[in-house]
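Enquirer: I have a structure I would like to understand better, so I am pasting it below and will then ask my questions one at a time.
The values are calculated or read from the model by the stated rules, or taken from the named source; none is laboratory data. Owing to the predicted nature of the structure, the values given are computational and were not obtained by experimental measurement. Cβ placement follows ideal geometry from the backbone for every residue including glycine, while neighbour counts extend to all protein chains displayed.
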């Protein structure tokens, strides 16, 4: 694995492979978000991480391999944020929705490049017609995971969802992305609590689940 040579007389330790991979993924997220995936070179990514291009090839094989790994990483990060936000299983469904919305809004501010990168990946997939590639595949996996989480939280809260869990997952992802974009452009137009209040309203029509209903919360369609 190649790294930038240290100054004369200085001995630099060889970083662990996981540390190198993490640094390259973080550098790729920043570089691709700001320059564009196709415009940025692997040399740009490697330099931003403090390595040479050989480190990228050693860990990801190619630029497309790096992009695919980055998509996986961002989807995992999104899920981690959501799971951490609604850890309080004693809260009502609207309260959980509000907590999730507030946490996603905070994540937008903490990780400014996150949604810039999402837009870059989205444009690239749509322009090339490769919606069945890594980005499209991981988005479908994310949607399924969010829908399953929505259904699970409704069941824990003893509530029947006003819409199928899959439909609520679509709305949640659309609100998350759309409001993040608006907040990046005009922060004052998107108050800190707007996302949370909107998500709480989406599930405010939830009613106590009928224990005799075999379909459970959300009806038969949890997709």
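Enquirer: Restricting the search to the stretch 114-153, which residues are loosely packed, with under 14 Cβ neighbours inside 10 Å and outside any helix (DSSP H, G or I)?
Expert: 129, 130, 131, 132
Enquirer: When you look at residue 84, is it part of a helix (DSSP H, G or I) and surrounded by 16 or more Cβ atoms within 10 Å (Cβ to Cβ), yes or no?
Expert: It is false that residue 84 is part of a helix (DSSP H, G or I) and surrounded by 16 or more Cβ atoms within 10 Å (Cβ to Cβ).
Enquirer: Across the stretch 100-113, which residue is modelled with the lowest pLDDT among those that are over 15 Å from residue 200 (Cα atoms) and assigned to a helix (DSSP H, G or I)? Walk me through how you get there before you give the answer.
Expert: Residues of the stretch 100-113 over 15 Å from residue 200 (Cα atoms): 106-113.
Checking the rest, the ones that are also assigned to a helix (DSSP H, G or I) come to 106-110, 112-113.
Numbers: 106: 89, 107: 86, 108: 83, 109: 85, 110: 85, 112: 80, 113: 83.
Per the stated criteria, the residue is 112.
Enquirer: It is to be established whether one or more residues within the stretch 50-72 are modelled with pLDDT under 85 and under 24 Å from residue 117 (Cα atoms).
Expert: Residues of the stretch 50-72 modelled with pLDDT under 85: none.
Within the stretch 50-72, none of the residues are modelled with pLDDT under 85 and under 24 Å from residue 117 (Cα atoms).
Enquirer: Now a separate question. Pick out the one residue from 91, 97 that is in the same structural domain as residue 182 (by TED's automatic domain parsing) and not in a helix (DSSP H, G or I).
Expert: On the way: 97 fails: not in a helix (DSSP H, G or I).
Just a single option satisfies the conditions, and that option is 91.
Enquirer: Something else now. Cβ contacts < 9 Å: first residue within 18 Å of residue 172 (Cα to Cα), restricted to the stretch 79-92; second residue modelled with pLDDT under 80 and surrounded by 11 or more Cβ atoms within 10 Å (Cβ to Cβ), any location; separation 6+ or different chain. Result?
Expert: 92/206
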